Amino acid sequence: MDNETTNEVLEFIQRRFSEDCDWVMGNCYYFAVILKTRFSQGKIMYDVVNGHFVFELNNSYYDYSGKIICDKENLVDWDNFKMYD
């Protein structure tokens, strides 16, 4: 199921976002919101070391680049960020 979900997320990104609108360097939050809206079972995570928002779904992480590797120790669930900060 994980590969199927990954393929679905990657296909969604490739099909709808052919043009990079600074989705990685400046608009990463908005891209994570778009993915969260489409795949509601996932969550928005914030990388506190790199200052970057990513989308987590089934223990996989995504941004405009596709599936990415993140250091989980640096990630905070955006819904709980107030408790972190």
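Can you give me the C-alpha center-to-center distance between segment 51-75 and segment 1-39, rounded to a whole angstrom?
Cα centroid to Cα centroid, the span is 11 Å.
So, with a 1.4 angstrom probe, what is the percent of accessible area on segment 43-84 that is carbon and sulfur? Show your work: numbers first, answer last.
Numbers: 1180 of 2540 Å².
Carbon and sulfur: 46 percent of the exposed surface of segment 43-84.
Averaged per residue, what accessible surface does the chain expose to a 1.4 Å probe, in Å²? Write out the running numbers ahead of the final one.
Values: 5620 Å² over 85 residues.
Heavy-atom SASA per residue in the chain reads 66 Å².
Please list log₁₀ I(q)/I(0) at q = 0.17, 0.24, 0.26 Å⁻¹ for the chain, using the Debye equation with identical point scatterers on the alpha-carbon positions.
At q = 0.17, 0.24, 0.26 Å⁻¹ the computed log10 ratios are -0.63, -1.25, -1.43.
If you take the Cα Rg of segment 40-80 and divide it by 2.2 N^0.38 Å, with N the number of residues, what do you get?
So the Cα radius of gyration is 1.02 times the expected 2.2 N^0.38 Å.
Which lysines, on any chain, are close to Lys72 with Cα under 16 Å apart, when same-chain ones fewer than 8 places away are left out?
Lys43
What is the sum of charges, Lys and Arg at +1 and Asp and Glu at -1, for the other residues whose Cβ falls under 12 Å from the Cβ of Asp79?
Values: positive: Lys36, Lys43, Lys82; negative: Glu56, Asp77.
Result for the local shell: +1.
The values are calculated or read from the model by the stated rules, or taken from the named source; none is laboratory data. A quick note: this is a predicted structure, and the numbers were derived from the prediction, not measured. Note: ideal-geometry Cβ built from the backbone for every residue, glycine included; neighbour counts use all protein chains shown. Accessible surface is based on the protein model in full, side chains and every heavy atom, while ligands, DNA and RNA are left aside. Shrake-Rupley method; radii C 1.70, N 1.55, O 1.52, S 1.80 Å.
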